[in-house]
Amino acid sequence: MTILSDRIEVDSRDFYEEDILIRDFLGIHQRPSRAIAILAGKYEGDVRISYGSCEADAKSEMEVMLLSVIGGETVRLKVSKKYENYFSVANNIISLMSSELMTPISTILVSTN
């Protein structure tokens, strides 16, 4: 597995994991990457996205964008269970990433922060 960031790998049992189908035909490009990073950045714990053999720190807009996820593909979201609010953080990111209109929604999220 290629890891884009230099973080230490941890046991997968410490993470809430869910596969997400990217329904927006544009995939994950700059705007959605930024919105994902903003949402992930609100959580103190580790948030990661895996696509193929690559894994990115979801708090890094550049790492998320470099995954080059295209519409119709599936990614795996991993949120550490270290803090109590991990499930709500995961759900917020899942809601954004699984939307058919990820680009317009992410534009709204980015412009309000």
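The values are calculated or read from the model by the stated rules, or taken from the named source; none is laboratory data. Being a predicted model, the structure only gives us computed values, none of them experimental. Virtual Cβ from ideal backbone geometry, glycine too; neighbours counted across all protein chains shown.
Considering the stretch 43-57, and only residues there that are farther than 16 Å from E18 by Cβ and acidic (D, E), the residue that is modelled with the highest pLDDT turns out to be D57.
The set of residues from the stretch 28-49 being within 17 Å of E73 (Cβ to Cβ) and either aromatic (F, W, Y) or assigned to a loop (DSSP other than H, G, I, E, B) (or both) comprises I28, H29.
Looking at the stretch 58-113, what helices (runs of 4 or more DSSP H) fall wholly within it and have at least 1 residues that are crowded, with 19+ Cβ neighbours inside 10 Å and at pLDDT 85 or above?
Numbers: elements: 61-66, 86-97, 102-111.
Here the list reads 61-66, 86-97.
Just to be sure before I move on: is E17 at pLDDT 85 or above, touching a strand residue (DSSP E or B) at 6+ places or on another chain (Cβ under 6 Å) and more than 13 Å from L96 (Cβ to Cβ) in the structure I sent? Taking the combined requirement at face value, the residue satisfies it. When restricted to residues that are within 9 Å of the chain's Cα centre (by Cα) and of a type outside the set (A, V, I, L, M, F, W, C), the stretch 33-64 contains 5.
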